[in-house]
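Asks: Below is the structure I would like to discuss, written out as structure tokens.
The values are calculated or read from the model by the stated rules, or taken from the named source; none is laboratory data. Note that the structure is a prediction, hence the values are computed from the model and not measured. Heads up, the Cβs are rebuilt from the backbone with ideal geometry, glycines too, and the neighbour counts pull from every protein chain shown.
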2 protein chains.
Amino acid sequence: MKTITAADIAAMDKLTRVQFATSLPGAKPVALIGTRSADGLTNLAPFSSIVHFGSNPLILGMVSRPDAVERHTLSNLEATGVWTINHLHPDIVMAGHHCSARYPRETSEFAATGLTEHFEEGFHAPFVAESRFRLGMELVELIDIPLNGTTLILGKVVLVQIEETALAEDGSIDLVGLETVASTALDTYFGLTPLGRLSYAKPDRPPTRLP
Amino acid sequence: MKTITAADIAAMDKLTRVQFATSLPGAKPVALIGTRSADGLTNLAPFSSIVHFGSNPLILGMVSRPDAVERHTLSNLEATGVWTINHLHPDIVMAGHHCSARYPRETSEFAATGLTEHFEEGFHAPFVAESRFRLGMELVELIDIPLNGTTLILGKVVLVQIEETALAEDGSIDLVGLETVASTALDTYFGLTPLGRLSYAKPDRPPTRLP
């Protein structure tokens, strides 16, 4: 095993440290966050910091980084109270990654990358039509983290759209069937292969693989 | 596409809603969090809410749920200021999942599941010897989320141990080579297959696949 100490991390150049740091969580989700400004400009940005915060109410969080540049996603969702989470599959990974480029506010990443806007009645933020698994979110709370200027965005899931065959009766979602993509760092993408679903763990016996 | 509304979510029975809710982030990390109480009792618990909060200083977060039961991980890391994050590979998924069983505080999940404690000089929390990719963490901040009683745990990475061949000069980590496991819900595990590393995205041209 190789050991990297706090001193080694501090001595890394900036790009190396960012690559290393963003790989340490291991496998991460990656989805396109869709927002629309109050005056109607749409925006799409990839986020890999999406995390479950609660099941009742159903709360997901994500982290907005303290970029020197404008944070279009954060300002749009703060102004309008809504956003979408659009999971990726291999056919849209390239376009999704392209959304991480620093476009000016007046350029929609939909137009720039060829992804298609999809709107639901009464919901201000755009979904990605090509996504097979997408969520509509309502803002619940923004928590500023003074330590490093990031903002934790907490939202309630108010709408889920998913391919019919991917949702089971028991609430399970077939990520392999959807070809849902995982990521690490800010530039590396993976497919998923099944290792199995395991039984509810009890102290007195090892779990078993469910059929 | 199937549409699930907020009303549909509210009408789900508890187990279905938990399965559904914990699947919505898509592919998630999953790692064993190692802690040791002030009086020396070790604990291991799987977490799938590990998220990058910053690269300088290098901060990771994770979410402690508002369980009715005692939160051994949270109380240990609050008392001692340190914990470990141990990534899983297929050979230790079963033992890792077994650590989610509700053991009493006086039972170490290491002893109960057959995983091996590994200690580093001067660091109070136990690492999992079988893990190929493990982090030592120091507590920076606990943020209570009154909305649902969860706690966001923020820590600084102070030590990384990883198989020699998996860390590249540029800070990249080879998750496929390490056979790092991803997860969804609280019971489903995946392997990773490479889809590629993409070039830094620029507005005026699509990204390309890096060699």
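Asks: Can you confirm whether A:Ala125 is over 16 Å from B:Pro25 (Cα atoms) and crowded, with 16+ Cβ neighbours inside 10 Å?
Replies: Values: over 16 Å from B:Pro25 (Cα atoms): yes; crowded, with 16+ Cβ neighbours inside 10 Å: yes.
Yes: the conditions hold for A:Ala125.
Asks: Same structure, new question: Do we find a residue being among the β-branched types (Val, Ile, Thr) and touching a helix residue (DSSP H, G or I) at 6+ places or on another chain (Cβ under 7 Å) anywhere in region B:169-177?
Replies: Step one: list which residues in region B:169-177 are among the β-branched types (Val, Ile, Thr), which gives B:173, B:176.
Still in the running and touching a helix residue (DSSP H, G or I) at 6+ places or on another chain (Cβ under 7 Å): B:173.
Yes, some residue in region B:169-177 is among the β-branched types (Val, Ile, Thr) and touching a helix residue (DSSP H, G or I) at 6+ places or on another chain (Cβ under 7 Å).
Asks: Does any residue in region A:35-50 that is under 13 Å from A:Ser75 (Cβ atoms) come within less than 9 Å, Cβ to Cβ, of a residue that is assigned to a loop (DSSP other than H, G, I, E, B) and of a type in the set (Asp, Glu) six or more places away or on a different chain, and which pairs are these?
Replies: A:Leu41/A:Glu106
Asks: Please work out if B:Arg197 is closer than 14 Å to A:Thr188 by Cα and in contact (Cβ under 8 Å) with a residue 24 or more places away in the chain. Let's see the steps before the verdict.
Replies: Details: closer than 14 Å to A:Thr188 by Cα: yes; in contact (Cβ under 8 Å) with a residue 24 or more places away in the chain: yes.
Yes.
Asks: Another one. Take region B:60-74 and flag every residue that is at pLDDT 95 or above and over 13 Å from the mean Cα position of the chain (by Cα).
Replies: Correct list: B:Leu74 only.
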